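These notes are about the structure you will find just below.
What follows is calculated from the coordinates using simple rules that are stated; it is not laboratory data. Since this is a predicted model, take the numbers as computed values, not measurements. We place every Cβ from the backbone using ideal geometry, glycine too, and count neighbours over all the protein chains shown.
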């Protein structure tokens, strides 16, 4: 299907459930996709950071993307992450995504290598020319250690290299400067700006962002859809109240003990434990070498789901 | 005067104008303070980062603080920055502030040294016991290279070590989590949460922050007061529009060429160039070893003031 | 061939030459390998950072590794980089390396994701169990943003998970602490410690390192072999003099203008420009999106080769 | 007394002992200075990071510097740290040092503020013009978050702004590049290069550094003097063996539990616990808000002193 421009609403970055033997669990993944579509999301984002793309081999990535596209069944567009170090490698993933029927590709700045704004811009231009799909820039400095500043993004928006940006930088000041400039240059109806924040979505929408890509929407898609609709209708205090509830729920990502595991183990483990407790997926395992959540952490997750009104 | 709890509204961190020979220009500083009070700010913050506290000797700090307190003349409270590396040094500044009649003290986590959350908490407790003034924590990781997380701040809020926090971290996600917890623990009427952002104030207020400490309010205090009042009255789209205008104006901080100067030279130089162009201060110099803005940068500042409606 | 334990001497991380159309130039790569073996290196390291592994698709990686193994022809062992984000992906590369006949695999800590020492250790254990080749840890914080500390490495050395480490951290203090502990635990004859530094090889050998993996050895392999042999023979001042000459030559990596390109473009571009000027490879191109060196930079490289005695 | 140019040998950065009530313990400080001079050090460095300068108020700094100068009694030169955020504040400390009779001043790049190489150079030039004492640059990125690169230092060496540099960056590659250039420009007999490393002193001396400023020399000055003399006499393997012993002893800085305290608490606490166990100082306290070492850590320190041959 074709991708709306701009893309608005809630675009969850899907978790990738595994079987106990570590295979992609396509049944659970389809169930997750179904639940998200039922809740009213606008699109699905497969193979993002929440989807453990960094942990999946090429085979696993392919399986997961196929499953999401099949589950979406043309009802909502599917964006596919093409997460890799530099241009040639990203292009390989992007071409696979195109071949499998994805509606757009999402790529970060180069990483592992020491890069430069000129190289980052050239990277996106080469990606855009190399694959015939709308291209979203994924701004995630915590992973790639460079920031997609407005001065990098605006020329790429102006010449239609980029269809949009997913801003997971947490830098809401830079997001605002970007939005102000996007509007000033008359690009607001063609260049999509999505926040990747889970915690300041109301503010980002008030600032003019088109939508949101929240990992937490795996767990509470209906909450994010309500938040988005309150905002679109100008019910800002209700949007903020919904955001507050979701911010409290977000503590499921910090249930793991930081002395025992990394942030990915705790965050993705929290999402998957919740999805298991909600009966959406069969097995809460995250990919190796992430550390599984302990019993106490899972209990915390359950309690937060109860407090958040998602479990009785 | 006594400090309201919580402290709300716009609390500008005053620039410190200099004479051409590098002395604190108390006349210009008084004029700046007067202009801010006229615009309806709630309090004045002297000796913050925007006040070039890092560049002032103890004598200059004392002169600047005295001038601000005198200019405020009891009409609004004066918060005094006590910016130094660790406890003993901060306490010396805090005692001077108390002696000069400041209404509150603002201090960062220890810096220069490699610190730890336990030490940061102990630092604030010792400061609070060592000087009889309300104490605000100043969260500014870009300067001190550690972050005041909710888990550090909440116990210090609960036991009244801290009267509040000025969050200049730019991490609006953490700000949201802090606000949600402050409310949940019933501390929202006693513990003040101020955002130091210039660019996402509408979102921070929507999230429940009590007020804002924007460096840009040196230049456009009335704009921030309007933004604050729109927010308080629930006119969120108007607040956002005002924020958009201010975000465009904020480009004055990026007028300097980053190849030629540091971020402080460009940012503080932009504020001071604007204040000079507006006729508020006599001399736009920043303290050594900052690099002065060149002519082209000053022209950019003038143009932005015109576009922002501050110059005809 | 089987890998000596410990592995000693000079182990160059081979550049990967390209044709003007961006294919791996296997003829030039073979010529480079031949020149290195002639100079007396102990082993070849293919697909490291100097080999632009981050820029090569899987096909290019395979072609480059095959070419190096074929060129080595059993005369020296070939170590193969398996650079990827996390365990499953690294394992795919490691298995390919095994299949192609590499003598050892070199892998970093997980990157892109937020990891933890426990996860890093598990990562290496899983790699070791998943492929039947000696495994070297590649400590390169500038790329992966975590450091392989002695406390991570020592248990992995003790239980023979790791055959050795390539330390490209530049942290010679940590290298010393590692070496002291490796000796104290009686592991010095089984666990190989290689420095990845180009600039403090004499000191690292004096501290007891077994060998060196210098990118600059692409350009001046004989110099590094001499440096190594002086050190082994206890001629430390002569080793230092050779190191000084090589340190001056290393300026070829800084010939590119940092305002115009990233560190990778400048460093790898400098190596390749030198190899072209020396007549070893046909085309100095680096992989996209790296920025090519300009004429002035190439002239600087030529001059440094002349000053270093490599060009008349 | 006048400072030799270049300054060579071992220049310990003295710890600052405290009384149980937190005052500078001048008796213990004098005893420490005496022990260091007896061991054959070339100069004393007061008010460095090891001297807890960041934790001392101006009064404490003055007391400590006076005590060291008095104890040195003209037998060895005394270098005085002037650690503060920017030029004006550093100058105040530098003038006090001159007034008290220090033989040289040691200052870092600006910190807290966002700075730039041009500003750093101007900072040192203003310091040099503002106080009539030889000026050493203190390169300590872990504290000030910028690096004094060769391209910053070399012009300041060439025009005699700087008498030398204390390199505590741990970046031995940059140290080598600096030394190579200092020699090439004929500055090696006028510009002093001291390494601040405790762990790669043999390598730094082999590379041509003039001397060393090791915090660990508070505890084992004789060891560092032996190391230095072996190196000067070309007995490199004996220098390395001494360095190995000292590297093992350096573990006293890691006796504290990193989950409970910061690096400063553990490192300086280790030095002071050792000095107390050796009977040099009366009280092992570090300044607030550092966390004291627990009993287990002190036991570890004792054991390491025994293993290092410093305690029976």
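At a glance:
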item	result
Teacher prompt: residue A:95 distances to equivalent labels in other copies, 7 Å Cα→Cβ, nm	2.2, 7.0, 7.2
Label point distance in nm, residue B:296-residue C:23, each placed 7 Å from Cα along Cα→Cβ	4.6
Mean separation of Cα contacts under 8 Å (6+ apart) over length of the stretch D:94-220, as relative contact order %	19
Chain C - mean residue ellipticity at 222 nm from DSSP helices (-39,500 (n - 2.57) per run, n ≥ 4, rounded to 500)	-14000 deg cm²/dmol
Pairwise Cα inverse-distance average, inverted: Kirkwood Rh of the stretch B:215-288 (Å)	13.3
For the B-to-C rotation axis, chain B residue with nearest beta carbon and its distance in angstrom	B:259, 3
Test item: A:8-17 mean partner chain Cβ contacts at 10 Å	0
Chain D: antiparallel DSSP beta bridges as a percent of all, rounded to 5	5
Cβ-vector label at 7 Å, residue D:149, separations to other copies in nm	1.6, 2.9, 3.3
Cα coordinate range in the stretch A:153-312, projected on the principal axes (Å, largest first)	52, 36, 26
Cβ neighbours within 10 Å from other chains - mean over A:37-48	0
Test item: B:192-203 mean partner chain Cβ contacts at 10 Å	4
Inter-part distance where the stretch A:92-116 and the stretch C:70-119 are each reduced to a Cα centre, Å	22
Hydrodynamic radius by Kirkwood, which averages 1/r over all alpha carbon pairs of the stretch D:7-234, in angstrom	17.3
Candidates A:118, A:291, A:68, ranked by Gaussian network fluctuation over chain A, Cα under 10 Å, top entry	A:118
Residue with peak Gaussian network fluctuation, chain D [Cα springs, cutoff 10 Å], from D:112, D:55, D:228	D:112
The stretch B:110-201 shape via C-alpha gyration tensor axes, a/c threshold 1.5	oblate
Protection proxy ranking of D:155-162, C:194-201 - average other beta-carbon atoms within 10 Å, highest first	C:194-201, D:155-162
Position residue D:190, label points 7 Å along Cα→Cβ, spacing to each other copy in nm (shortest first, one decimal)	5.7, 6.1, 6.5
Relative contact order (percent, whole number), chain D, Cα cutoff 8 Å, 6+ residue spacing	19
Whole-angstrom gap from the stretch B:152-220 to the stretch C:148-199, using each part's C-alpha centre	46
Pairwise Cα inverse-distance average, inverted: Kirkwood Rh of the protein assembly as shown (Å)	31.8
Calculated FRET value between residue D:160 and residue D:99, using beta carbons and R₀ = 22 Å, to 0.05	0.45
Highest-fluctuation residue, A:89, A:302, A:128 considered, GNM on chain A with Cα pairs under 10 Å	A:89
Förster radius 45 Å - calculated FRET efficiency between residue A:185 and residue A:306 (Cβ-Cβ, nearest 0.05)	0.45
Cα centroid separation - the stretch C:250-312 against the stretch B:248-283, whole Å	39
Calculated SAXS-style log₁₀ I(q)/I(0) at q = 0.13 Å⁻¹ - the stretch B:1-131, Debye, Cα scatterers	-0.52
